[in-house]
Amino acid sequence: MKSILVVGASSAIAQALIEKLEGAGAKVFSVSLTMLNRNNHTQLHYSEESISAWCDSMRRDGHELSHIYIFNGILHTESISPEKSITSFRKDAFYEVLQCNTVTPMWWLMNVTKLVPKGSESVVTLLSARIGSISDNRLGGWYSYRASKAALNMLTKTAAIEIRRTHKQCKFLLFHPGTTDSKLSKPFQKNVPEGKLFSPEFVAENLVSLSMDHSILPDCGFYDWNKKPIPF
Ligand SMILES: NC(=O)c1ccc[n+]([C@@H]2O[C@H](COP(=O)([O-])OP(=O)(O)OC[C@H]3O[C@@H](n4cnc5c(N)ncnc54)[C@H](OP(=O)(O)O)[C@@H]3O)[C@@H](O)[C@H]2O)c1
């Protein structure tokens, strides 16, 4: 196992993942808007320039990463709630969700080739959501979040085709964690059926097991916490 990068490291699932990876002896670099009390951590205000510069410095220092995990995602903020109806759609809220859930991960994908080796296996995982599946959309609602994850899926699939021309052993995983106990799901937990609200530790365990199994992953796959493929 080479070094590992976790972006959006303040996420509840990311925290559980870091603990598992470090427990298994991995060297984990982390990046977050928040200053976290751990080694190899960078507090970064995400911008195209700061992300590119951070990746340049990793390359200059000779770090090669076998796994990258990108966690960034918001569903609600103090001023944003997921839309129940099309009449609640607001451009500014949509742009804010899109910036966090889609554009910031894209800025990392733009720099992936600085970080992963050309000649050995790597996996880049992005936290998506089943709700971003266009073919699985039966319920409607949550326009901005849904669209931001659908766009994330399409952009990742497209980037994977390009990046794999030079980095043939780099695979891409769009991961749906299931409803997980975190800040993101807090306001929506009361309707979750018994046994269907997962702990971050349970999800992190399943994510490690899936993302470390390079041989079973397709070039770019969309999978749930139970290792089941989700149709795009
Ligand atoms: N929890 C669930 O039920 C569930 C279900 C399906 C999918 N997911 C996905 O899983 C991922 C992790 O979510 P979580 O449940 O662990 O939620 P969480 O604990 O609330 O984590 C929030 C994440 O969003 C990032 N973030 C917050 N504000 C941001 C901003 N303005 N710009 C960029 N990044 C920002 C944080 O990164 P920093 O550390 O940089 O602040 C962190 O990675 C998300 O992508 C989410 O969509 C979660």
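The values are calculated or read from the model by the stated rules, or taken from the named source; none is laboratory data. Everything quoted here is computed from the prediction, not taken from an experiment. Methodologically, a virtual Cβ is constructed for each residue, glycine included, from the backbone with ideal geometry; neighbour enumeration extends over all protein chains shown. Just so you know, the surface numbers come from the protein's heavy atoms only, side chains and all, with ligands and any DNA or RNA stripped out. Shrake-Rupley method; radii C 1.70, N 1.55, O 1.52, S 1.80 Å.
Is it fair to say SER144 is open to solvent by less than 70 Å² (accessible area, probe 1.4 Å) and more than 27 Å from SER47 (Cβ to Cβ)?
No, not satisfied.
Among the residues of the range 2-20, is any more than 13 Å from the ligand (Cβ to nearest atom), more than 18 Å from the chain's Cα centre (by Cα), surrounded by fewer than 20 Cβ atoms within 10 Å (Cβ to Cβ) and in contact (Cβ under 8 Å) with a residue 60 or more places away in the chain?
Yes, some residue in the range 2-20 is more than 13 Å from the ligand (Cβ to nearest atom), more than 18 Å from the chain's Cα centre (by Cα), surrounded by fewer than 20 Cβ atoms within 10 Å (Cβ to Cβ) and in contact (Cβ under 8 Å) with a residue 60 or more places away in the chain.
Consider the range 55-93. How many of its residues are surrounded by fewer than 18 Cβ atoms within 10 Å (Cβ to Cβ), of a type in the set (D, E, K, R) and not in a helix (DSSP H, G or I)?
The number of residues fulfilling the criteria is 5.
Give GLU162, GLU121 a once-over and let me know the one that is without any contact (Cβ under 8 Å) to a residue 12 or more places away in the chain, within 17 Å of CYS220 (Cα to Cα) and either out of contact with any strand residue (DSSP E or B) (no Cβ under 6 Å at 6 or more places or on another chain) or within 16 Å of the ligand (Cβ to nearest atom) (or both).
The conditions single out GLU162.
When you go through THR113, THR87, THR102, THR77 one by one, which is the residue that is within 11 Å of the ligand (Cβ to nearest atom) and over 22 Å from LYS186 (Cβ atoms)?
Going through THR113, THR87, THR102, THR77 in turn, the sole match is THR102.
When the residues of the range 180-232 are filtered to those that are of a type in the set (Phe, Trp, Tyr) and assigned to a loop (DSSP other than H, G, I, E, B), which remaining residue is least open to solvent (accessible area, probe 1.4 Å)?
Here the answer is TRP225.
Filter the range 24-54 for residues that are assigned to a helix (DSSP H, G or I) and open to solvent by 70 Å² or more (accessible area, probe 1.4 Å); which is farthest from the ligand (Cβ to nearest atom)?
Checked the range 24-54; the qualifying residue farthest from the ligand (Cβ to nearest atom) is GLU49.
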